[in-house]
Amino acid sequence: MKKHILLLLFFCLPIIAVAQEKYAVLIIGDYADRGVPEQYRWNNGGTKDHRPHEEFWHDTFLMWKMLQSEGFDKDNIYVLFADGNDYASDNPLYQPPVGVTVTNDSATIRKVTDLFEDLRYGSNGRPRLTEDDFLFVWVFDHGKEEGGQSFFFLLDGLMSDTDFSSMLNVIPAHRKAYWMQQCNGGGFADNLQAGNVVFHSACLGNELASPADDYTINGASFAENDTLNSYTYYHGEFDYHLLSVCNGH
């Protein structure tokens, strides 16, 4: 894991530094424990107390915050979160400043498609990406693999690796980086990889992703999740390590 994270820093940070403009798209296409068949639910629908947004919202908020600390303009970060509304977390760690909204729109097939078309052509008031720009795309959702293809769930259906890549491969950019937390995310790699692409996923195309877990090694305890008033606030395992590194921890 440590070697993997060092490689992440080696590749991604120089890429961010040379980009003329930095753009990010965060896609969180459903809820943590409802809306998809039970066998495909994140963490088997195991969100504590069945609060449906929690891991998805925690990592979305932290990713949104981290990108701004890395020089992304807030207006250049497009967040498609579930039904299009911020989740009202009761933990101050996951609350935006008063009057600030994180989510831009809902995560449907049409909304995802429209956003990438706008970034390709510069339509609907959104910028047109150029060969000098940097594009970062992060997905945290439910996933599945079937018939040699990988998919992630959106509110109204599935997005396949081929459909996803067909929208992104035609967008010009100096560099592109993809981080995928969902199950079976590694199946997107062969569709998205190119000479200007850095791709990281939580698992291979035939594997399941996992939530972060607290653990003990040689008597020393390590907490990957947050606790407030005896309530645990969870993360994706992959997201936890990426965010920790990018925040200098």
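The values are calculated or read from the model by the stated rules, or taken from the named source; none is laboratory data. Just so it is clear, the model here is predicted, and its values are computed rather than measured. Because the Cβ atoms are built from the backbone with ideal geometry, glycine has one as well, and the counts that use them run over all protein chains shown. We work out accessible area using only protein heavy atoms, side chains counted, and drop any ligands, DNA or RNA first. Shrake-Rupley method; radii C 1.70, N 1.55, O 1.52, S 1.80 Å.
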Item to complete: Mind listing whichever residues of the range 116-143 are under 30 Å from N206 (Cβ atoms) and not in a strand (DSSP E or B)?
Response: F116, F140, D141, H142
Practice prompt. Could you please give the count of residues in the range 52-96 that are buried (at least 22 other Cβ atoms within 10 Å of the Cβ), under 22 Å from P127 (Cα atoms) and among the aromatic types (F, W, Y)?
Written response: 1
Worksheet, complete the sentence: How many residues of the range 169-198 are under 19 Å from G148 (Cα atoms), within 13 Å of the chain's Cα centre (by Cα) and without any contact (Cβ under 8 Å) to a residue 60 or more places away in the chain? The answer is 2
Worksheet entry | Elements of type strands (runs of 3 or more DSSP E) contained in the range 144-249, each with 2 or more residues being closer than 18 Å to I28 by Cβ, open to solvent by less than 70 Å² (accessible area, probe 1.4 Å) and modelled with pLDDT of 90 or more | 149-154, 157-160, 175-180, 197-201
